[in-house]
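Asker: Before I ask anything, here is the structure I am working with.
What follows is calculated from the coordinates using simple rules that are stated; it is not laboratory data. Worth saying up front: this structure is predicted, and the values here are computed from it rather than measured. With ideal geometry, Cβ positions are generated from the backbone for all residues, glycine too; neighbour counts draw on all protein chains shown.
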Amino acid sequence: MRHFLISALLLGLAAGCSGGNIGPHRIDVQQGNALDQENVARLKPGLSRSQVRFLLGTPLVVDPFRTDRWDYVYRYYKAGRLSEQKRITLYFDGDTLARMEGDVPPAAASSPASTPQGVQP
């Protein structure tokens with residue numbers, strides 16, 4: 001009887017450990033600028049740097065050697081795996097937005113220069 005209980009206990013432990021993913025708990029992590037699609041859609045060539053900063057926030061990367069370029073990067077890791085990534089690069093000519101690259105909605109990338117509603121120069 002004693003050997004039977006020990007065998008059953010070991011068999012139960014082995015069965016419990018072999019099935020499923022056992023490992024450390026991994027939390028969800030957001031890195032960078034959370035880019036709101038509504039505000040990204042409001043980007044238009046001709047906006048000033050302060051207007052862009054109002055819409056998107058401070059850029060994650062500002063190159064000290066090329067001050068005419070701002071990079072906004074966003075990554076979302078769900079349970080340790082990359083599930084979402086967005087990148088927008090903005091190029092300025094002086095103080096005005098000249099062009100945009102990256103994950104920009106087509107309407108924002110090709111629309112004429114105009115000031116979005118609610119953004120003061």
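Asker: Within a 10 angstrom radius of the beta carbon, how do 4, 92 rank from fewest other beta carbons to most? Don't skip to the answer; put the middle values down first.
Answerer: Values: 4 8, 92 18.
So the residues, fewest neighbours to most, are 4, 92.
Asker: Spelling out what I want: for every residue of the range 69-85, take phi, set θ = phi - 60°, compute 6.51 cos²θ - 1.76 cosθ + 1.60 (Karplus), and round to whole Hz; glycine and proline get x.
Answerer: 10, 10, 10, 10, 10, 9, 9, 10, 9, 10, 6, x, 10, 5, 10, 8, 8
Asker: Considering just Cα atoms, how many Å³ per residue does the convex hull of the range 20-70 enclose? Kindly include the intermediate steps, with their values, before the conclusion.
Answerer: Details: hull volume 7.1 nm³, N = 51.
So the per-residue Cα hull volume is 138 Å³.
Asker: What is the packing order of peptides 73-79, 46-52, taking the mean over residues of other C-beta atoms within 10 Å and listing the highest first? Display every interim value, and only then the final one.
Answerer: Working: 73-79: 14.9, 46-52: 18.0.
Output ranking for 73-79, 46-52: 46-52, 73-79.
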